[in-house]
1. Residues D304, D268: which one is of a type in the set (D, E), more than 30 Å from A344 (Cβ to Cβ) and outside any helix (DSSP H, G or I)?
2. Anything in segment 368-390 that is at pLDDT 90 or above and hydrophobic (A, V, I, L, M, F, W, C)? List them, or say none.
3. Look at segment 368-382 and say how many of its residues are under 12 Å from V336 (Cα atoms), open to solvent by 60 Å² or more (accessible area, probe 1.4 Å) and part of a strand (DSSP E or B).
4. Kindly establish whether R150 is farther than 19 Å from V250 by Cα, touching a residue at least 12 places away in the same chain (Cβ under 8 Å) and more than 16 Å from the ligand (Cβ to nearest atom).
5. Right, K291: within 28 Å of G173 (Cα to Cα) and touching a helix residue (DSSP H, G or I) at 6+ places or on another chain (Cβ under 9 Å) or not?
6. Which residue is nearest to the ligand (Cβ to nearest atom), if the candidates are limited to segment 76-123 and must be farther than 19 Å from R8 by Cα, in contact (Cβ under 8 Å) with a residue 12 or more places away in the chain and hydroxyl-bearing (S, T, Y)?
7. Can you go through L121, L157 and tell me which one is farther than 25 Å from Y251 by Cα, at pLDDT 90 or above and under 27 Å from the mean Cα position of the chain (by Cα)?
8. Checking the conditions here, which among V90, V72, V125 is buried (at least 22 other Cβ atoms within 10 Å of the Cβ) and in contact with a Leu (Cβ under 8 Å, 6 or more places away or on another chain)?
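The values are calculated or read from the model by the stated rules, or taken from the named source; none is laboratory data. Since we're looking at a predicted model, the values are computed, not measured. Reconstructed Cβ throughout: ideal geometry from the backbone, glycine too, with neighbour counts over all protein chains shown. Accessible surface areas use protein heavy atoms only, side chains included; no ligands, DNA or RNA. Shrake-Rupley method; radii C 1.70, N 1.55, O 1.52, S 1.80 Å.
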Amino acid sequence: MDVLDKLRILSDAAKYDVSCSSSGSGRKNKKGGIGSASINGICHSWSDDGRCISLLKILMTNYCIYDCAYCVNRSSNDLERATLTPDEIVDLTINFYRRNYIEGLFLSSAIIKSPNHTMELILNVVKRLREVEGFNGYIHTKAIPHADKRIIDEIGLYVDRMSINIELPSENGLKLLAPNKTKKSILTPMGNIRNRIVETREEKKKFKYANSFVPGGQSTQLIVGATEDNDLKILKLSEGLYDGYNLKRVYYSAYVPVAKSPNLPVLDSPPVIRENRLYQADWLLRFYKFKADELLDENMPNFDLSLDPKCNWALRNIGIFPVEINRADYNTLLRVPGIGVKSARRIVAARKFGPLNYDNLKKLNIVLKRAKYFITCNGKYYGMSSMNPEKIRKKLIYGLDRNIFEKQLSLWEMGGFNDKSLHI
Ligand code: SF4
């Protein structure tokens with residue numbers, strides 16, 4: 001099998017991994033246009049300064065000794081298999097880089113022979129790229145559960161980011177669908193990576209030339225909808241990972257039915273709206289100081305698909321609204337649906353020069369479509385005749401694109417974060 005055939009198979013196999021912030025778009029170039037958004041092969045990540053980086057996104061191999069029921073690469077699945085050698089991956093990366101196709105590499109893998117053997121091959125790739133080829137571009141690799149700490153520690157010296165995919169949000173889910181993996185086999189290396197990151201950051205403060213270790217931090221992916229785990233369980237897990245393991249990002253991936261198993265749910269299409277609600281809630285955890293327990297509880301363990309989590313939270317806590325825009329502190333403003341970090345900052349800065357009225361807010365480009373139901377300006381309320389949560393809820397939903405609720409969109413149809421219904 002030649003390298004191009006391997007590349008076709010292994011870039012396609014990598015498309016189910018979303019833990020690099022990537023792709024999913026199949027838009028082709030049109031006559032007279034430039035560029036295309038390939039469904040696989042190249043994905044994108046973001047650097048700390050906000051630049052978008054294109055990455056060669058591939059699996060090293062799709063041969064796997066494990067048989068995770070939800071995975072297209074499971075050992076029992078009859079599919080075309082391939083393995084790229086470390087030399088081939090290095091050559092592809094360097095050649096694509098020289099042609100300006102990519103700026104970095106996202107290298108994942110199924111498990112060939114053993115977790116240690118697979119990680120040794122990954123180590124071989126990253127070591128050669130850095131030490132022999134002098135490649136300074138972005139590298140993100142997987143860390144495989146059960147692999148030795150020694151190998152992961154060495155890989156971490158060469159790469160920018162590592163991710164260990166938890167995939168299933170509960171130990172029960174793992175037992176049922178991925179019996180070779182355990183919570184411990186995933187969380188132990190995650191904890192080790194966290195510790196090494198902290199240690200090397202301290203060393204760097206003391207010694208200018210100390211080595212960096214995974215300077216871009218670690219991330220993980222959770223599959224949504226392959227098990228019965230509810231959104232509360234998933235969100236609390238994410239909160240624990242951010243707080244306890246200093247994760248940079250948790251990615252959510254709507255379960256794509258690629259296999260039939262009595263242990264898997266029967267779905268018409270991937271639960272992408274649910275996935276997006278989790279992304280919105282994750283955003284609220286990271287940037288709006290919400291806690292998982294505030295957004296969901298045992299009485300309401302799943303997000304309402306028709307309304308974003310922040311609006312839902314506000315309606316369930318209608319007693320604290322409306323807030324007076326001229327008096328509310330920054331953190332309270334952040335809790336108003338429709339008011340984000342930038343808007344809250346703008347309001348706080350502008351009101352130093354005098355009280356703000358509704359027109360002033362419009363001039364500050366504050367989006368009032370949602371916010372107007374939850375604020376007063378100089379004591380005046382611009383929402384409805386009364387603060388009735390049911391009526392506001394209907395208004396908020398009616399203001400959204402109704403088509404979105406008529407059917408569950410397929411993974412590739414969804415407008416993602418550009419979808420206007422997803423504004424937090
Ligand atoms: S170990 Fe990874 S690649 Fe292998 S079957 Fe499980 S999820 Fe798929």
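1. On the way: D304 fails: more than 30 Å from A344 (Cβ to Cβ).
The match here is D268.
2. Within segment 368-390, L368, A371, F374, I375, C377 meet the criteria.
3. 0
4. no
5. When the stated conditions are applied, K291 passes them.
6. The extreme case among them is T118.
7. Values: L157 fails: farther than 25 Å from Y251 by Cα.
Exactly one of L121, L157 is farther than 25 Å from Y251 by Cα, at pLDDT 90 or above and under 27 Å from the mean Cα position of the chain (by Cα), namely L121.
8. On the way: V90 fails: buried (at least 22 other Cβ atoms within 10 Å of the Cβ); V72 fails: buried (at least 22 other Cβ atoms within 10 Å of the Cβ).
Of V90, V72, V125, the one residue that is buried (at least 22 other Cβ atoms within 10 Å of the Cβ) and in contact with a Leu (Cβ under 8 Å, 6 or more places away or on another chain) is V125.
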